[in-house]
1. Tell me the relative contact order for the stretch 125-211 as a rounded percent, counting alpha carbon contacts under 8 Å between residues six or more apart.
2. For a protection proxy built on the mean count of beta-carbon atoms within 10 angstrom, sort 114-121, 69-76, 58-65 highest first, please.
3. Report in % the part of the accessible area of the stretch 125-211 that belongs to carbon and sulfur, leaving out ligands and nucleic acids; probe 1.4 Å.
4. Rounded to the nearest 0.05, what FRET efficiency do GLN190 and ARG124 have when you use their Cβ-Cβ distance and R0 = 22 Å?
5. Would you please put 192-198, 142-148 in order of how densely packed they are, using the mean number of other Cβ atoms within 10 angstrom per residue and starting with the highest?
6. For a quick protection proxy, order the peptides 101-111, 166-176 by their average other-Cβ count within 10 Å, most packed first.
7. Assuming R0 = 41 Å, can you tell me the calculated FRET efficiency for the pair ALA68 and ARG166, based on Cβ-Cβ distance, to the nearest 0.05?
8. Which entries of LYS73/LYS203; LYS62/LYS177; LYS177/LYS203 have Cα-Cα distances beyond 27 Å here?
Amino acid sequence: MSDEDDLEDFDVDQDDLEKEEDEKETEEWEEYRKEGEDVSEEWLPTPLTEDMMKEGLSLLCKTGSGLAHAYVKLEVKDRDLTDLHLLRSYIHLRYVDVSENHLTDLSPLSFLTHLLWLKADGNRLRSAWLNELPYLQIASFAYNQITDTEGISHPRLGSLDLKGNRIRMVTGLDPQKLISLHTLELRGNQLETTLGINLPKLKNLFLVAHWVRGWCRKVGTVLGAGMPGF
């Protein structure tokens, strides 16, 4: 079985995702974010190393024609990382967790064309921009310093988490490219309007603890609750 067959068969368990987004986790992240605001943003360069890769790699799977094998999962959380350049050569990775580091650039991940799942919470990112990743289905960039929603154009992306950033206006979410996006998390930003949110498959939209000025389009849920009349 080829990589493409494996990726096509990948199915997201939405129940498991919802369990991860409980109140306890949110409180922990808020505390982490407050701590981060009290320290300098100047960090010693700490690139991802081969030793870190060896420690963080897991889940051995078949690749290509099925005759070769490679590790497809990487977890390198809380390593003070500032550089992911080494990932450019690990093209078989499908699940990547680089949370709680000091990253400002995720561009090396654009080479991971088999990527299905990405978690980059709690870094120093100012953008979620990546080259189009054909199989990416779940992406989380919570609690960074992201100011816009440009550069997100993954056709199979179903769940996008941008909570706890600095977004004032939603721009660049192309409905002709984000044809699979059903869940969008934007709580904890600085949104002034919902203009720019016009996605064909959107069912779950999480914004803030009050109605945002300019809301006019019905979706499945808003603020985590069902909308009347839907």
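The values are calculated or read from the model by the stated rules, or taken from the named source; none is laboratory data. The model shown is predicted, which means the values in this text are computed figures rather than measured ones. When we count neighbours, we look across all protein chains shown, and the Cβ atoms used for this are built from the backbone with ideal geometry, even at glycine. Note: accessible area is taken over every heavy atom of the protein model, side chains too, but ligands, DNA and RNA are not part of it. Shrake-Rupley method; radii C 1.70, N 1.55, O 1.52, S 1.80 Å.
1. Numbers: 219 pairs, mean separation 21.7, N = 87.
25 percent.
2. Details: 114-121: 22.4, 69-76: 18.4, 58-65: 13.5.
Per-residue Cβ counts within 10 Å, averaged per peptide and sorted highest first, yield 114-121, 69-76, 58-65.
3. Numbers: 1830 of 3560 Å².
About 51 percent, which is the carbon plus sulfur part of the accessible surface.
4. On the way: r = 18 Å, r/R0 = 0.80.
Once the sixth-power term is evaluated, E becomes 0.80.
5. On the way: 192-198: 15.9, 142-148: 20.7.
Ranking, from highest mean packing down: 142-148, 192-198.
6. On the way: 101-111: 18.3, 166-176: 14.5.
Result, highest mean first: 101-111, 166-176.
7. On the way: r = 43 Å, r/R0 = 1.05.
That pair, ALA68 with ARG166, gives E of 0.45.
8. On the way: LYS73/LYS203 29 Å; LYS62/LYS177 29 Å; LYS177/LYS203 17 Å.
In this structure, LYS73/LYS203; LYS62/LYS177 exceed 27 Å between Cα atoms.
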